[in-house]
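*Asks:* Please see the structure below; I have some questions.
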Amino acid sequence: SKLAALFAHPLYNVPIPEVMQKDKLFVVNPMEKFSLSHSGSDEWVSSSKAETLLPTGKTAYDTYPAWLKFHVGINRYELYPRQDPLMPTILQDLATQRIVSSVQKSGGTQLKLIMTFPNYGQALFKPMKQTRDQETPRDFFYFSDFERHNAEIAAFHLDRILDFRRIPPVSGRLVNITKEIRDITTDKKLAKTFFISPAGNVCFYGECSYYCSTEHALCGKPDQLEGSMAALLPDKTLAKRRSWRSPWRRSYHKSKKAEWELNPNYCAQVRETPPYDRGHRLLDLIDMTVLDFLMGNMDRHHYETFEKFGNDTFLLHLDNGRGFGTHSHDEMSILAPLQQCCSIKKSTYLRLQLLATQPYLLSDVLREALAADPLTPILAEPHLQALDRRLAKVLDMVTRCLAG
């Protein structure tokens, strides 16, 4: 396994700083049993009256479902550990756990559902909108592109291979629209949008600002629909998140340009603006830029952090559905932060160099990682080939910076 060899490499075994209590998202007594509150919400609460030891002799932590262990494990330095023993279980749960509730997620431009499992874990379901080999037309603006379920799956694995580990776990899943959405939804607005198409397939379209109409309905075959299932982060009432506007955000306008597109010295003013004026925030943003360039994602207008950790923490790379839309074109403008700032973390640079060498070729290790997903193949072959070509362009840009 090339993937196992990559993760065993010394560059993937650099220790993170010691995690103190203040560095954990949640401070939990591992002996304490957790129960679910009955306030109508699906939040877990500490049950102080519960037995501290369960009769089996196991500590209570052993009895937590995988999603809860994932939440409890989040700390200042990483969303999940490199050699995470939970990861196979989390991915399996996302792909196979029985769905007991499906409701539409509010907000956002396109249809997404929140699905709940019997163990109270929840996932964000993004349905399939286009086939693996369809490319985004070159005449499309980035902001009107489809969100792709397979891009969400591939982005999670790519982010892990780059050793960022800033995207929550995602698995592909085949969902039965009738039994796992229509028959169990309590969402009245969503329920009104189901119909049977002329071809006899079950379809629905939900309510949203883009692509939620009969013309853009999601149809099963006859009721089987592919989608991505992403593990939800802890509820914002339990772990507040802060949303930050990216300094290199695009204009989201058909003819206006953003300031960074007009001012080649734009990075100098970013470096003087909090939170980019100290710490590693700018370098973290450049990591995200590299991830976005590799998958061709132009839609990174915001990113988030956990509020508890202030500025000294990783960035969450959420919403990656507009990646992997084109393989025949490399959108160099995505690399503007790297190009204008000429800065990159040494650790990131060394890993990128490693992923450009034959034993660990980026396309090969990602292909291997994606082969384990229930919906494999996740990416059409030209997208995998494009990764190696784009990686060479990132390394070339760093080389020019070093020579500059």
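The values are calculated or read from the model by the stated rules, or taken from the named source; none is laboratory data. As the structure is a prediction and not an experimental result, all values here were calculated from the model. So basically every Cβ, Gly included, is an ideal-geometry build from the backbone, and we count neighbours across all protein chains shown. Quick note on the areas: whole protein, heavy atoms, side chains included, nothing else; ligands and nucleic acids left out. Shrake-Rupley method; radii C 1.70, N 1.55, O 1.52, S 1.80 Å.
*Asks:* Taking Ala336 as meeting all but one of (1) outside any helix (DSSP H, G or I); (2) open to solvent by less than 10 Å² (accessible area, probe 1.4 Å); (3) of a type in the set (Gly, Ala, Ser), write down the number of the exception.
*Replies:* (1)
*Asks:* Give the number of residues within segment 58-76 that are assigned to a loop (DSSP other than H, G, I, E, B) and open to solvent by less than 60 Å² (accessible area, probe 1.4 Å).
*Replies:* The qualifying residues number 4.
*Asks:* Restricting to segment 360-374, and then to whatever is in a helix (DSSP H, G or I) and of a type in the set (D, E, K, R), can you tell me which residue is farthest from Met87 (Cα to Cα)?
*Replies:* Looking at the filtered set, the residue picked out is Asp364.
*Asks:* Any residue at all in segment 319-326 that's farther than 21 Å from Phe125 by Cα, of a type in the set (Ser, Thr, Tyr) and open to solvent by less than 20 Å² (accessible area, probe 1.4 Å)?
*Replies:* Looking for residues that are farther than 21 Å from Phe125 by Cα, of a type in the set (Ser, Thr, Tyr) and open to solvent by less than 20 Å² (accessible area, probe 1.4 Å), one finds none in segment 319-326, hence no.
*Asks:* Separate question: From the list Leu111, Leu79, Leu124, pick out the single residue that is within 24 Å of Glu207 (Cα to Cα), open to solvent by less than 40 Å² (accessible area, probe 1.4 Å), touching a strand residue (DSSP E or B) at 6+ places or on another chain (Cβ under 8 Å) and assigned to a loop (DSSP other than H, G, I, E, B).
*Replies:* Leu111
*Asks:* Additional query: So is Glu307 surrounded by fewer than 19 Cβ atoms within 10 Å (Cβ to Cβ) and touching a residue at least 60 places away in the same chain (Cβ under 8 Å) or not?
*Replies:* yes
*Asks:* For segment 197-212, name all the residues that are among the aromatic types (Phe, Trp, Tyr) and at pLDDT 90 or above.
*Replies:* Once the filter is applied, which keeps residues that are among the aromatic types (Phe, Trp, Tyr) and at pLDDT 90 or above, segment 197-212 yields Phe204, Tyr205.
*Asks:* Still on this structure: When segment 7-49 is examined, which residues are found to be among the small types (Gly, Ala, Ser) and either at pLDDT 55 or above or within 25 Å of Phe309 (Cα to Cα) (or both)?
*Replies:* Once the filter is applied, which keeps residues that are among the small types (Gly, Ala, Ser) and either at pLDDT 55 or above or within 25 Å of Phe309 (Cα to Cα) (or both), segment 7-49 yields Ala8, Ser35, Ser46.
*Asks:* Separate question: Could we say that Pro264 is assigned to a loop (DSSP other than H, G, I, E, B), free of Cβ contacts under 8 Å to residues at least 40 places away in the same chain, more than 23 Å from Trp67 (Cβ to Cβ) and open to solvent by 60 Å² or more (accessible area, probe 1.4 Å) here?
*Replies:* Spelling it out, it is not the case that Pro264 is assigned to a loop (DSSP other than H, G, I, E, B), free of Cβ contacts under 8 Å to residues at least 40 places away in the same chain, more than 23 Å from Trp67 (Cβ to Cβ) and open to solvent by 60 Å² or more (accessible area, probe 1.4 Å).
*Asks:* Okay, moving on. Give me the pairs, please: first residue somewhere in segment 86-99 and open to solvent by 30 Å² or more (accessible area, probe 1.4 Å), second residue anywhere and of a type in the set (Val, Ile, Thr) and assigned to a helix (DSSP H, G or I), beta-carbon distance under 8 Å, and either six or more positions apart or on two chains.
*Replies:* Matching pairs, first to second residue: none at all.
*Asks:* Could you tell me how many of the residues in segment 383-404 are closer than 23 Å to Glu331 by Cβ, open to solvent by 60 Å² or more (accessible area, probe 1.4 Å), assigned to a helix (DSSP H, G or I) and not β-branched (Val, Ile, Thr)?
*Replies:* Qualifying residue count, segment 383-404: 5.
*Asks:* Look at Arg132 and say whether it is open to solvent by 50 Å² or more (accessible area, probe 1.4 Å) and either touching a residue at least 60 places away in the same chain (Cβ under 8 Å) or part of a loop (DSSP other than H, G, I, E, B) (or both).
*Replies:* no
*Asks:* What residue, of Ala372, Ala380, Ala386, is within 23 Å of the chain's Cα centre (by Cα) and within 15 Å of Phe293 (Cβ to Cβ)?
*Replies:* The unique qualifying residue is Ala386.
Residue by residue, here is whether (1) out of contact with any Lys or Arg (no Cβ under 7 Å at 6 or more places or on another chain); (2) closer than 30 Å to Asn150 by Cα holds:
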| site | (1), (2) |
| --- | --- |
| Arg242 | yes, yes |
| Trp248 | yes, yes |
| Tyr266 | yes, no |
| Met288 | no, yes |
| Met295 | yes, yes |
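*Asks:* Taking the criterion of being open to solvent by less than 10 Å² (accessible area, probe 1.4 Å), in contact with a Pro (Cβ under 8 Å, 6 or more places away or on another chain), of a type in the set (Val, Ile, Thr) and within 22 Å of Leu352 (Cβ to Cβ), would at least one residue in segment 290-302 satisfy it?
*Replies:* no
*Asks:* How many residues, within segment 353-371, are hydrophobic (A, V, I, L, M, F, W, C), surrounded by fewer than 20 Cβ atoms within 10 Å (Cβ to Cβ) and in contact with a helix residue (DSSP H, G or I) (Cβ under 8 Å, 6 or more places away or on another chain)?
*Replies:* Here the count works out to 3.
*Asks:* Within segment 200-215, can you find the residues that are within 21 Å of Phe146 (Cβ to Cβ) and surrounded by fewer than 14 Cβ atoms within 10 Å (Cβ to Cβ)?
*Replies:* Ser209, Ser213, Thr214, Glu215
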